[in-house]
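Report on the following structure.
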Amino acid sequence: MQSPKPHRRVRIAVFPVAGLGTRFLPATKTVPKEMLPIVDKPLIQYAVDEAVEAGCDTLVFITNRYKHAVADYFDKAYELEQKLEKAGKAEQLELIRNVLPPGVRAVFVTQAEALGLGHAVLCAKPVVGDQPFAVLLPDDLIWTRQSVAGGAGALKQMADHAERTGGSVIAVQDVPPEQTKSYGIVATEGFDGQAGRITRIVEKPKPEDAPSNLAVVGRYILNPAIFDLLETTQQGAGGEIQLTDAIAQLLPLEQVDAFRFHGTRFDCGTHLGLIEATVRYALDHELLSDAARKLMQNALDEMGVVET
Ligand code: UTP
């Protein structure tokens, strides 16, 4: 018997990067949050690598008029390339040429006003058209181990699932009860430990009102029906057009699954999350790992001595 025909594979990834990044001021006064580095790459590069690995070949960046740095980063740097070439620095040349691998195109769309994540996603409609698409929030950095899920990134795991179901897929992770008030929390039916259909989504509930401890994190695969819903979504929490509100309206119309990915997510939109990700990636870095471990130990020893 033939296996069922897979549904359309997601090929377009949307990166909403037009937020103001107020939690990282003053750093983000001139440097967009998405350009903050984790060891040797900016946050946006990790998200782009994850999308390309999942099979996306069109990347849509929703930016604002102050965020030239993001577009500049993905542009060709002729002068720098020439200098590196002349100096015989092949390795570095390769690194800057591969910020966008061959065959992958970048499209930039301006969000004129920061009206919220839902509005930022809606700005991608003219490019996305009538096909499923991914949304990645680069400040949610997801680290996957080579030994788990074949080393596949979170978005690839989700794209494989979406190809089987044809529905929308939203990444979730378990959070402790005291943290439900910081997330969208989902209720599901038929959750098998990895995936289940979402029946309800509640924005930032108190622990006693939370329908589960499955929290939405910044990876989505959405069917284009979401655009019609976003067009009529009113301002919600914080006066912003919320993606969560449009997803809540999508639930009775079509299958939207919660997907508990394999991987560790760092909330790099917060100071501690950014620090934690830096520590983890440094300890995992093939060249820096040993030295990083030593300097962290030294810092702990020295600080310990100072405190006593
Ligand atoms: P955040 O809630 O993290 O907001 O947005 P922010 O402005 O980036 O950061 P803080 O809270 O002020 O420190 C979640 C994602 O949605 C994008 C952001 O760039 C981020 O990737 N976003 C948010 C937009 O693209 N446009 C918006 O109008 C709002």
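The values are calculated or read from the model by the stated rules, or taken from the named source; none is laboratory data. Fair warning: this is a prediction, and the values are worked out from it, not measured in the lab. Every residue, glycine as well, gets a Cβ built from its backbone with ideal geometry; the counts of neighbours run over all protein chains shown. For accessibility, only protein heavy atoms count, side chains too; no ligands or nucleic acids. Shrake-Rupley method; radii C 1.70, N 1.55, O 1.52, S 1.80 Å.
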query: What percent antiparallel are the DSSP beta bridges of the chain, to the nearest 5?
result: 55 percent
- line: Filtered hits (lysines, Cα-Cα < 16 Å from Lys204, offset >= 8 within chain) -> Lys181
message: Counting just the Cα atoms, what span does the chain cover along each of its three principal axes? Round to the nearest Å and put the largest first.
response: 57, 54, 50
query: Just the accessible area per residue of the range 2-64, please: how many Å² with a 1.4 Å probe?
result: 46 Å²
Heavy-atom accessible area per residue - the range 102-149, 1.4 Å, Å²: 45 Å²
- prompt: lysines near Lys76 by alpha-carbon distance under 24 Å, same-chain residues fewer than 8 away left out - which ones?
  reply: Lys33, Lys41, Lys67, Lys86, Lys89
task: Sum -39500 (n - 2.57) across every DSSP H segment of at least 4 residues in the chain, then divide by the residue count to get the 222 nm mean residue ellipticity, nearest 500.
output: -10000 deg cm²/dmol
- prompt: Please state the relative contact order of the chain as a whole percent: Cα pairs under 8 Å, 6+ residues apart?
  reply: 22 percent
statement: On the accessible surface of the range 1-64, probed at 1.4 Å with all protein chains in place, carbon and sulfur together account for a percent value of 57 percent
- line: Rounded to a whole %, the carbon-and-sulfur portion of the accessible area of the range 78-141 at a 1.4 Å probe is 54 percent
- line: With every protein chain kept in place and a 1.4 Å probe, the residues Asp284, Asp192, Asp245 fall, from largest accessible area down, as Asp192, Asp284, Asp245
statement: Residue-ordered couplings for the range 33-38, obtained by feeding phi - 60° into the Karplus form 6.51 cos²θ - 1.76 cosθ + 1.60 and rounding to whole Hz (Gly and Pro as x), are 3, 5, 9, 5, x, 10
message: To make sure I understand the rule: partners must be lysines, Cα under 16 Å from the Cα of Lys83, and not fewer than 8 residues away in the same chain. Which ones qualify?
response: none
field: Accessible-area value, His119, 1.4 Å probe, nucleic acids and ligands omitted, Å²
entry: 40 Å²
query: Gain in length, Arg145 to Val39, computed as 0.36 nm per residue apart minus the alpha-carbon separation, to one decimal in nm?
result: 36.4 nm
message: Over all directions, how big on average is the projection of the convex hull of the alpha-carbon atoms in the range 96-207, in square nanometres?
response: 10.2 nm²
field: Extension reserve of the Arg65-Arg8 stretch, reckoned as 0.36 nm per residue once the Cα distance is removed
entry: 17.2 nm
statement: For the range 29-183 the mean separation of alpha carbon contacts under 8 Å (6+ apart) over residue count, i.e. relative contact order in percent, is 30 percent
query: Just in the range 126-221: which trypsin sites (Lys or Arg not before Pro) are loop by DSSP and have at most 11 other Cβ atoms within 10 Å?
result: Arg145
- request: Return the carbon/sulfur percentage of the accessible area of the range 152-308, one whole number, probe 1.4 Å, all protein chains in place.
  value: 52 percent
query: Separation between the Ala112 and Glu302 pseudo-spin-labels, each 7 Å from Cα along Cα→Cβ, expressed in nm?
result: 5.2 nm
- request: Take the Cβ-Cβ distance between Asp228 and Lys76 as r, set R0 to 30 Å, and report the resulting FRET efficiency rounded to the nearest 0.05.
  value: 0.20
- line: Rounded to the nearest 10 Å², the 1.4 Å probe accessible area of Val39 is 50 Å²
- request: Just reorder Phe74, Phe266 by solvent-accessible area, largest first, 1.4 Å probe, all chains present.
  value: Phe74, Phe266
- prompt: Which sequence of Val109, Val169 reflects their accessible areas, 1.4 Å probe, from the largest down?
  reply: Val109, Val169
- prompt: So what are the ³J(HN,Hα) numbers for the range 69-78, from phi and the Karplus equation (6.51, -1.76, 1.60; θ = phi - 60°), rounded to whole Hz, Gly and Pro as x?
  reply: 4, 5, 5, 4, 4, 8, 7, 6, 9, 3
- line: If each K or R counts +1 and each D or E counts -1, the residues other than Gly196 whose Cβ falls under 10 Å of its Cβ total -1
task: Throw me the Rg/Rh for the range 1-143, computed over C-alpha atoms with Kirkwood Rh, two decimals.
output: 1.02
- prompt: Residues with amide H under 5 Å of Thr199's amide H, sequence separation 5 or more or different chain, H placed in the peptide plane at 1.01 Å from N; which?
  reply: Ala187, Thr188, Glu189
